[in-house]
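Each remark here refers to the structure printed beneath this line.
No value in this document is a laboratory result; all are computed from the given coordinates. Since we're looking at a predicted model, the values are computed, not measured. Here Cβ is always computed from backbone atoms with ideal geometry, including for glycine, and neighbour counts include all displayed protein chains.
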Amino acid sequence: MHDPIKLLSTDFDGTLHEESDEPPIPFPAQRMIGRMQARGVIWVINTGRDLPSLLDSLVRARFPNRPDFVVTVEREIHERRDSTYIGWADWNSRCGKAHERIFAQVRSDMPRLANWINRRFEAKVYEDTYSPLCLIAQSSQDADVIHDYLNDYCSNVPNLTVVRNHIYARLSHADYNKGSALAEIARRVGVTPGETAAAGDHLNDLPMLSTTRARWLIAPSNAVEQVKALVRQQNGYVSDQPHGYGLARGLEQIEMSCRCD
Ligand SMILES: [Mg+2]
């Protein structure tokens, strides 16, 4: 069969994997991705998680296939070599330096931002390796208000942005996100956006859910409205099924539409 898709980029949590499902990666998605990889399609997991957490969840999900590439913390690229993942040193180093520079500019403002949040909300605000300010809000509603506040702050700092996923948020350099990381992988493996599919469910997926990155776009039924609207606007597929079930449906639809061409 002629494969319309040569590169598949899937978000992990909420798009492929749902902890409360059994199995967490549903069988239709396992079969579909397994078949695609067997035909030579390159599979990228494009996630906000770090690498150990992602690999641990893949083991626990009992899905034997492994992605060819992993994008972690929405920006760092790793390539599979046999059973391990090797970071792309040049991209990851450029990415790391850009973040060091921009975080050095804003670090002294972080206590003020944390105080603003802590005075108004029961939220966890902390610094980690990836951001001088990380947020875990108690609810999406709280996170919405805090997100607006952080967006206002970022609007005064060139190239600083907020990366939001449900109740979680962190700061990031605007040039490094799921979309730019996907574009870099595509460029280096020689695949065009016209041969790429991308699937996601939340705001941190928006940069890759664009036809400038991927011709085929998929959102599961649990995707937030902004994601569904963007995918629909670009003639993508919004499933009535959740998580990996919706992803599998979307991939089937792409195959079927290409058989009819
Ligand atoms: Mg997600």
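Tell me, please, whether a residue that is of a type in the set (Val, Ile, Thr) and within 20 Å of Val191 (Cα to Cα) can be found in region 63-74. For region 63-74, residues of a type in the set (Val, Ile, Thr) and within 20 Å of Val191 (Cα to Cα): present. Of the strands (runs of 3 or more DSSP E) lying entirely inside region 11-105, those carrying at least 3 residues that are within 16 Å of the ligand (Cβ to nearest atom) and in contact with a strand residue (DSSP E or B) (Cβ under 9 Å, 6 or more places away or on another chain) are 42-46, 69-72. Within region 1-12, does at least one residue satisfy the condition of being over 19 Å from Ala181 (Cβ atoms) and either β-branched (Val, Ile, Thr) or without any contact (Cβ under 8 Å) to a residue 12 or more places away in the chain (or both)? Checked against the condition, which is being over 19 Å from Ala181 (Cβ atoms) and either β-branched (Val, Ile, Thr) or without any contact (Cβ under 8 Å) to a residue 12 or more places away in the chain (or both), region 1-12 yields no hits at all. Within region 109-121, is there a residue that is of a type in the set (Gly, Ala, Ser), surrounded by 14 or more Cβ atoms within 10 Å (Cβ to Cβ) and part of a helix (DSSP H, G or I)? Within region 109-121, one or more residues are of a type in the set (Gly, Ala, Ser), surrounded by 14 or more Cβ atoms within 10 Å (Cβ to Cβ) and part of a helix (DSSP H, G or I). Is there a residue in region 216-224 that is under 24 Å from Arg31 (Cα atoms), touching a residue at least 24 places away in the same chain (Cβ under 8 Å) and more than 16 Å from the ligand (Cβ to nearest atom)? Checking region 216-224: at least one residue is under 24 Å from Arg31 (Cα atoms), touching a residue at least 24 places away in the same chain (Cβ under 8 Å) and more than 16 Å from the ligand (Cβ to nearest atom). Looking only at region 1-50, residues that are touching a helix residue (DSSP H, G or I) at 6+ places or on another chain (Cβ under 6 Å) and surrounded by fewer than 19 Cβ atoms within 10 Å (Cβ to Cβ) come to 2 in all.
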